[in-house]
1. Which pairs turn up if I take residues in the range 34-50 that are in a helix (DSSP H, G or I) and look for partners that are surrounded by 10 or more Cβ atoms within 10 Å (Cβ to Cβ) with beta carbon separation below 6 Å, at least 6 apart in sequence or on another chain?
2. Out of the range 107-166, which residues are out of contact with any Asp or Glu (no Cβ under 9 Å at 6 or more places or on another chain), farther than 21 Å from residue 78 by Cβ and of a type in the set (Lys, Arg)?
3. Can you tell me which residue is nearest to the chain's Cα centre (by Cα) among those in the range 128-151 that are closer than 11 Å to residue 98 by Cα and free of Cβ contacts under 8 Å to residues at least 60 places away in the same chain?
4. On the given criteria, is residue 150 at pLDDT 95 or above, out of contact with any His (no Cβ under 6 Å at 6 or more places or on another chain) and of a type outside the set (Phe, Trp, Tyr)?
5. Look at residue 74 and say whether it is within 16 Å of residue 137 (Cβ to Cβ), in a helix (DSSP H, G or I) and touching a residue at least 40 places away in the same chain (Cβ under 8 Å).
6. Might you let me know whether the range 80-92 holds any residue that is modelled with pLDDT under 90, in a loop (DSSP other than H, G, I, E, B) and hydroxyl-bearing (Ser, Thr, Tyr)?
7. May I ask you to list the residues in the range 30-61 that are modelled with pLDDT under 90, surrounded by 10 or more Cβ atoms within 10 Å (Cβ to Cβ) and farther than 11 Å from residue 142 by Cα?
8. Among (1) among the aliphatic types (A, V, I, L, M); (2) outside any helix (DSSP H, G or I); (3) free of Cβ contacts under 8 Å to residues at least 60 places away in the same chain; (4) within 27 Å of residue 164 (Cβ to Cβ), which single condition is residue 115 missing?
Amino acid sequence: MFEADVGQEPDRPGVGAQMRRRVTGNKEEGTVLLLTVGLSVVLLLLVAVVVDVSAAILAKRALAGAVDGAAIAAAQQPDRAAINLSGTALDERLPLDPTAVGEVVAQYEADASGAQPGLDLRPHLEGASLAVVDGYRTVRLPFSGWLGAVSVRLHAVGRARSPTTP
């Protein structure tokens, strides 16, 4: 009698069928919740990966900028003693002073380490007029600790030639 009364309401047709479905149960009940939770987890993992990759890319760009700046600063350190002894033609590159190159790169590293913790700059010369700076930095990724990879080691190389005139 209750089902007949519910189904017979003229202003709400079909309510009886809905009530019968709820009472008898539906095998698909709860699948929307499971799909929502599963897709939310996938979405959160994707966001975490994007944030980690972005952090690594930004740190790599900053490292490359620091390495290039240090290489340019190093290329501005001519070996004055070698220039005075041998002289250079106007179209030749000036020889670089290895000691001055090391000092200026160390100072550049000290200045840049406030903005880039863990910065490690290693200068060397290729030939007499090319300053090369290898830069290393370990970056802690924000979300990858959950997946096991806590940090990543980045590497960049900067090269700069000395000028042709003092």
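1. So the pair list comes out as 48/143.
2. 140, 153
3. If we take residues in the range 128-151 being closer than 11 Å to residue 98 by Cα and free of Cβ contacts under 8 Å to residues at least 60 places away in the same chain, then 130 is nearest to the chain's Cα centre (by Cα).
4. Numbers: at pLDDT 95 or above: no; out of contact with any His (no Cβ under 6 Å at 6 or more places or on another chain): yes; of a type outside the set (Phe, Trp, Tyr): yes.
Spelling it out, it is not the case that residue 150 is at pLDDT 95 or above, out of contact with any His (no Cβ under 6 Å at 6 or more places or on another chain) and of a type outside the set (Phe, Trp, Tyr).
5. It is false that residue 74 is within 16 Å of residue 137 (Cβ to Cβ), in a helix (DSSP H, G or I) and touching a residue at least 40 places away in the same chain (Cβ under 8 Å).
6. yes
7. Of everything in the range 30-61, those that are modelled with pLDDT under 90, surrounded by 10 or more Cβ atoms within 10 Å (Cβ to Cβ) and farther than 11 Å from residue 142 by Cα turn out to be 31, 45.
8. In the conditions (1) among the aliphatic types (A, V, I, L, M); (2) outside any helix (DSSP H, G or I); (3) free of Cβ contacts under 8 Å to residues at least 60 places away in the same chain; (4) within 27 Å of residue 164 (Cβ to Cβ), residue 115 misses (4) alone.
The values are calculated or read from the model by the stated rules, or taken from the named source; none is laboratory data. Only a predicted model underlies this, so the values are computations on that prediction, with no experimental measurement involved. Neighbour counts are summed over all protein chains in view; Cβ atoms, including those assigned to glycine, are modelled from backbone coordinates with ideal geometry.
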